[in-house]
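The values are calculated or read from the model by the stated rules, or taken from the named source; none is laboratory data. Just so it is clear, the model here is predicted, and its values are computed rather than measured. As a convention, Cβ positions derive from the backbone with ideal geometry for all residues, glycine included, and neighbour counts pool all protein chains shown.
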């Protein structure tokens, strides 16, 4: 479908599928677009501009636009609706109150009619026209319904969208309507006469259907041969529709229980007469009708008068107005509802059992559980007027609560005290255009990827730690257990393994004395043998070493000696 929107300076012409999807504004250089016409043969769209007083044309893709007729400077022409047929453009002239045919080939015009009034719409019927909209194949069959059970809306040239009539629901198959309301195929009159409905009628809601009387009967009123299907049945199902001309009504004492027929009644079948009821009874209707069985209908026509309650409990969650005094059956009274409740209708009706109809005319006001980009938990909130509830943010994107608003209050109008600025989109979030299901799936994927990456990092770390320990162990610093002394009364003390790491390899070779460096420790420890807090023995622990000759100490096998420490005691005195 093609349509125009006149909202200067944002007017435009657009196209869309018949279901309202895929809207494309393809012409925006317009002022006040009015009439539209399509040339399906040459793929042109024409439109009249009410402000510019012109008729323009473009390709159906919005290109190659040009002005066909320009009456901008005219004071006698006002172009409204247009129709295109071949080389002719028909348009309504609001000023001349006529229809004008403009020939696009020879640029001539011809007026039709005078004093037609200010026509805003125009249709031209031509039996042999070839300018027809291509038929959508998906909706072509079944009298335009295609495979849809109710309504088929074209979508492009080959697709369609199925819709349902009012009161019907589209099922999961996308084409079948459920809860289709249909009236009965017959009407049983009050006198038990069966009136059938035409078989050509589908009997759906709001549909008008013809009635058919049984053999020997005629339609009571030839001008009223149709009935309409309503939500509670046929609109005239309580009337006498078909009558037997040979029948007459009788005046018996029990013809109308607890009532009498008024004078000047013809008593013919199908005829209606006024009547009255005895004291203590009231009329159900204003007239009774003579049925084919010779009885008056409705039966009973008079019912016992009852008085409905008017106390404080008469209306649940409400109260009757004080002017409602001694209401009898059929009476109506106004009422009001308590705070937190709203009226479903203006009045209630007193019915036979001394109660009011409807029984619950006051409906509790509740605020909605859904807010913009958020929600209120139903198990945490009653949604009643005056209640204060916490809200949460979520939705198709990532939102967070407004830090200055923590709770909402339900107002007497059934709305929350604040409706905007509650859930704020988190800056930098890129998922705002995703559907909620897609956003949820994306979140799951991201969580899975994060877990996988974490596992890889942990495994890699474990492998690196294992390699480090293995290499550390394979390259442990060798230490010497060699003992060196001068052969005299001096005592040589050494502790080459002090603080050696666990698993260190022992170098069992003696020291190469030629590679020994003499060092001086200052100050020397006062106790030759000393244990530290960890139990290691090192008499030089804590002393400051002063290097001697600059030579590296090595064991005799050529391996470096890193941890050897010695002190020589002469006569039990450190030197």
Residues of the range 219-235 satisfying the condition of being closer than 28 Å to residue 164 by Cα, in contact (Cβ under 8 Å) with a residue 40 or more places away in the chain and assigned to a loop (DSSP other than H, G, I, E, B) | 231
Confirm whether residue 387 is surrounded by 13 or more Cβ atoms within 10 Å (Cβ to Cβ), closer than 30 Å to residue 320 by Cβ and touching a residue at least 12 places away in the same chain (Cβ under 8 Å).
-> yes
Might you let me know whether the range 74-86 holds any residue that is over 46 Å from the mean Cα position of the chain (by Cα) and under 25 Å from residue 126 (Cβ atoms)?
-> yes
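For the range 139-153, give me each residue that is farther than 11 Å from residue 18 by Cβ and touching a residue at least 12 places away in the same chain (Cβ under 8 Å). Steps first, answer last, please.
First, the residues of the range 139-153 that are farther than 11 Å from residue 18 by Cβ: 140-150.
Within the range 139-153, 146, 147, 148, 149, 150 qualify.
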Of the conditions (1) in a strand (DSSP E or B); (2) under 25 Å from the mean Cα position of the chain (by Cα), residue 368 fails just one. Which one is it?
-> (1)
Answer yes if at least one residue in the range 22-35 is over 36 Å from the mean Cα position of the chain (by Cα), in the same structural domain as residue 91 (by TED's automatic domain parsing) and either under 20 Å from residue 155 (Cα atoms) or part of a loop (DSSP other than H, G, I, E, B) (or both), and no otherwise.
-> no
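Hey, among 178, 215, 141, which residue is within 30 Å of residue 246 (Cα to Cα) and loosely packed, with under 12 Cβ neighbours inside 10 Å? Write out each step before concluding.
On the way: 178 fails: within 30 Å of residue 246 (Cα to Cα); 141 fails: within 30 Å of residue 246 (Cα to Cα).
The unique qualifying residue is 215.
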Please verify whether the range 272-283 includes one or more residues that are assigned by TED's automatic domain parsing to the domain that holds residue 192, surrounded by fewer than 15 Cβ atoms within 10 Å (Cβ to Cβ) and in contact (Cβ under 8 Å) with a residue 24 or more places away in the chain.
-> yes
Please state which one of 300, 316, 339 is under 30 Å from residue 191 (Cβ atoms) and part of a loop (DSSP other than H, G, I, E, B).
-> 300
Tell me which residues, restricted to the range 222-237, are surrounded by 15 or more Cβ atoms within 10 Å (Cβ to Cβ) and at pLDDT below 85.
-> none
Please work out if residue 116 is modelled with pLDDT of 85 or more, over 25 Å from residue 18 (Cα atoms) and either more than 39 Å from the chain's Cα centre (by Cα) or not assigned by TED's automatic domain parsing to the domain that holds residue 60 (or both).
-> yes
Would you pick out the residues in the range 204-218 that are at pLDDT below 85 and in a loop (DSSP other than H, G, I, E, B)?
-> 205, 206
Got a sec? Which of 323, 352, 311, 317 is more than 29 Å from residue 278 (Cα to Cα) and either touching a strand residue (DSSP E or B) at 6+ places or on another chain (Cβ under 8 Å) or free of Cβ contacts under 8 Å to residues at least 60 places away in the same chain (or both)?
-> 317
Can you tell which of 67, 28, 76 is in contact with a strand residue (DSSP E or B) (Cβ under 9 Å, 6 or more places away or on another chain), surrounded by fewer than 18 Cβ atoms within 10 Å (Cβ to Cβ) and modelled with pLDDT under 90?
-> 76
Within the range 154-175, which residues are in contact (Cβ under 8 Å) with a residue 60 or more places away in the chain and either buried (at least 20 other Cβ atoms within 10 Å of the Cβ) or farther than 30 Å from residue 60 by Cβ (or both)?
-> 154, 161, 167
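From the residues in the range 185-203 that are outside any strand (DSSP E or B) and surrounded by 16 or more Cβ atoms within 10 Å (Cβ to Cβ), which one is nearest to the chain's Cα centre (by Cα)?
Keep residues of the range 185-203 that are outside any strand (DSSP E or B), which gives 185, 189-193, 198-203.
Restricting the remaining residues to those that are surrounded by 16 or more Cβ atoms within 10 Å (Cβ to Cβ) gives 189-191, 193, 201, 203.
Numbers: 189: 47, 190: 48, 191: 51, 193: 50, 201: 37, 203: 33 Å.
Among those that are outside any strand (DSSP E or B) and surrounded by 16 or more Cβ atoms within 10 Å (Cβ to Cβ), it is 203.
Quick one: count up the residues across the range 56-73 that are within 48 Å of the chain's Cα centre (by Cα) and not in a strand (DSSP E or B). Can you show your working first?
Pass one, the range 56-73, residues within 48 Å of the chain's Cα centre (by Cα): 56-72.
Then drop every residue that is not not in a strand (DSSP E or B), which leaves 60-65, 71-72.
Looking only at that region, the number is 8.
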Of those in the range 119-138 that are over 30 Å from residue 97 (Cβ atoms) and without any contact (Cβ under 8 Å) to a residue 60 or more places away in the chain, the residue nearest to the chain's Cα centre (by Cα) is 138
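Select, from 451, 405, the only residue that is exposed (fewer than 15 other Cβ atoms within 10 Å of the Cβ), part of a loop (DSSP other than H, G, I, E, B) and modelled with pLDDT of 55 or more.
Details: 451 fails: part of a loop (DSSP other than H, G, I, E, B).
Checking each option against the conditions leaves just 405.
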Got a number for residues in the range 96-123 being loosely packed, with under 14 Cβ neighbours inside 10 Å and under 30 Å from residue 160 (Cβ atoms)?
-> 2
